[in-house]
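Engineer: The structure is given below, and queries will be raised subsequently.
A short reminder: the numbers here are calculations on the coordinates, not readings from a lab. Note that the structure is predicted; figures quoted are calculated from it, not measured. Backbone-built Cβ (ideal geometry, glycine too); neighbour counts: all protein chains shown.
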Amino acid sequence: MTDMDTPYAGLSPDTVLDAVDAAGYVTDGRLLALASYENRVYQVGVEDAAPLVAKFYRPGRWSDAAIDEEHAFALELAAAELPVVAPLQVGGATLLTHADFRYALYPRRGGRAPELESTEHLAWMGRLLARLHGVGARARFQTRGAIDTDTFVHAAARAVLASGLLPERLEQTYRSRTDAIADLIDARFEAIEPSRLRLHGDCHAGNVLWTDSGPHFVDLDDARMGPAVQDLWMLAPSARALDALLEGYAEFRDFDMRELTLIEPLRLMRQVHWAGWVAARWLDPAFPRAFAHVGEARWWEQHLNDLAEALQGLQDE
């Protein structure tokens, strides 16, 4: 086991508070860990002011340049008056360092989950996503990569095979199945050649908070280049919901309806990627605690069955 396997072993409560103090704030000792596995995120109390949120980036995942692109995109969206929680600037910088940890500070923004069965809420989200994509189309990410099979299938499969979690008797089936999935998804993308723009990238209900004044987006940690539909499908639990999202979207931006054929491929890519993400992080103590079922052979058997069913569905289309 290396330091990269347990990257947060040295991130003590004192280190978190000291990092916020080093940025020029005076903490009051209050510290609340927020739900996050990829990074470590804390609500930190500040004397005579509202609490801040401190996000400590997982070492080795993103380069400094890639994090700077994430922050610049968030600030660009905020400047366009989109409801996005953007990082605070400290001495002109948003990416800070302390005790060998890279971190950023954010204002605390509360809220509740959106009502994804509400036509009004979905149309509202569609309008906001259209505006977000309008900003996203102005430029390209240079270092953050794209929503593609290299990252979300092939790299994920390599992580699974290297982890030791997948039973040896299932390895060949897993290889052939993920290779077939990647080939089929690549063919689907090549068939329509969708436009790629800067996206939120992980726009599910947990990354949208709703208040009385409406929704706001949080966590651009998975921002990448990709087709517009990537930011829509996870918010649409039904065909009716997707129609409501698209109706709102069309008020501000044209949507290429051919991209609807990418929803199932994107869903399947997410399935493969999730397993690879957990496998790659398995030596981080937080992961076996949270995802103990992934350590069981029967979970991998079911995962392979799910992949086979989804692959057959794509072939049938």
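Engineer: So how much slack lies between Asp186 and Leu32, counting 0.36 nm per residue of separation and subtracting their Cα-Cα distance, in nm?
Structural biologist: On the way: separation 154, 0.36 × 154 = 55.44 nm, distance 4.27 nm.
Full-extension gain reported as 51.2 nm.
Engineer: Shifting gears a bit: Per residue of the chain, what 222 nm ellipticity follows from adding -39500 (n - 2.57) for every DSSP H run with n ≥ 4, rounded to the nearest 500? The partial results should precede the final answer.
Structural biologist: Values: 9 runs with 129 residues, N = 317.
It comes out at -13000 deg cm²/dmol, rounded to the nearest 500.
Engineer: State whether the range 159-230 is rounded, prolate or oblate according to the following rule on the C-alpha gyration tensor (a ≥ b ≥ c being the square roots of its eigenvalues): a/c under 1.5 gives rounded; otherwise a/b larger than b/c gives prolate, and the remaining case gives oblate. Spell out each step's value before the answer.
Structural biologist: Values: a/c = 3.53, a/b = 1.62, b/c = 2.17.
It is oblate, given that a/c is not under 1.5 and a/b is not larger than b/c.
Engineer: Report the extension gain between Thr15 and Leu75 in nm, rounded to one decimal, defined as 0.36 nm multiplied by the number of residues separating them, less their alpha carbon distance.
Structural biologist: On the way: separation 60, 0.36 × 60 = 21.60 nm, distance 2.69 nm.
The span from Thr15 to Leu75 would gain 18.9 nm if fully extended.
Engineer: Another question about this same structure. Scan the range 55-149 for GluC sites (Glu not before Pro) in coil per DSSP, keeping those whose Cβ has at most 12 other Cβ atoms within 10 Å, and list them by number. Show your work: numbers first, answer last.
Structural biologist: Details: sites: Glu69, Glu70, Glu76, Glu81, Glu115, Glu117, Glu120; in loops: Glu81, Glu115, Glu117.
Passing both the DSSP loop test and the Cβ count: Glu81, Glu115, Glu117.
Engineer: Which three semi-axes in whole Å describe the equivalent ellipsoid of the range 26-119, each the square root of 5 times a Cα gyration tensor eigenvalue, listed largest first? If you can, show how the numbers build up before the last one.
Structural biologist: Details: eigenvalues 95, 72, 46 Å².
In descending order, the three semi-axes are 22, 19, 15 Å.
Engineer: Are there any GluC sites (Glu not before Pro) in the range 166-251 that are in a DSSP loop and have at most 12 other Cβ atoms within 10 Å? List them by number. Present the calculation step by step, with values, prior to reporting the outcome.
Structural biologist: Details: sites: Glu168, Glu171, Glu190, Glu247, Glu251; in loops: Glu251.
For GluC sites (Glu not before Pro) across the range 166-251 that sit outside H, G, I, E and B with at most 12 neighbouring Cβ atoms in 10 Å, the list reads Glu251.
Engineer: With the contact rule set at Cα under 8 Å and sequence spacing of 6 or more, what percent relative contact order holds for the range 13-107?
Structural biologist: Details: 143 pairs, mean separation 23.8, N = 95.
Reported relative contact order: 25 percent.
Engineer: Moving to a separate point now. Below 8 Å between Cα atoms, with a sequence gap of 6+, how large is the relative contact order for the chain in percent?
Structural biologist: That works out to 20 percent.
Engineer: With a bin width of 10 angstrom, please list the P(r) values of the range 90-228 as percents of all Cα-Cα pairs, from the 0 bin to the one holding the largest distance.
Structural biologist: Reading upward from the zero bin: 9, 26, 31, 25, 9, 0.
Engineer: Along the Cα→Cβ direction, 7 angstrom out, place labels at Gln89 and Asp222. What is the inter-label distance in nm?
Structural biologist: 3.0
Engineer: To continue, here is another question. Name the residues of the range 147-178 whose amide N is less than 18 Å from a point 7 angstrom out from the Cα of Ala297 along the C-beta direction?
Structural biologist: The answer is 161, 163-175.
Engineer: Give the relative contact order (percent, whole number) for the range 151-254; include only Cα pairs under 8 Å separated by 6+ residues.
Structural biologist: On the way: 81 pairs, mean separation 22.2, N = 104.
Over the range 151-254, the number comes to 21 percent.
Engineer: Kirkwood-based Rg over Rh for the chain (C-alpha set), two decimals?
Structural biologist: Details: Rg = 20.3 Å, Rh = 21.0 Å.
Radius of gyration over Kirkwood radius for the chain works out to 0.97.
Engineer: What spacing in nm lies between the two simple spin-label points modelled at Arg289 and Leu260, each 7 Å away from Cα in the Cβ direction?
Structural biologist: 4.5
Engineer: Could you work out how much longer the chain between Ala65 and Thr6 gets when fully extended? Use 0.36 nm per residue separation minus the Cα distance between them, nm to one decimal.
Structural biologist: Values: separation 59, 0.36 × 59 = 21.24 nm, distance 2.33 nm.
Length difference between fully extended and current span is 18.9 nm.
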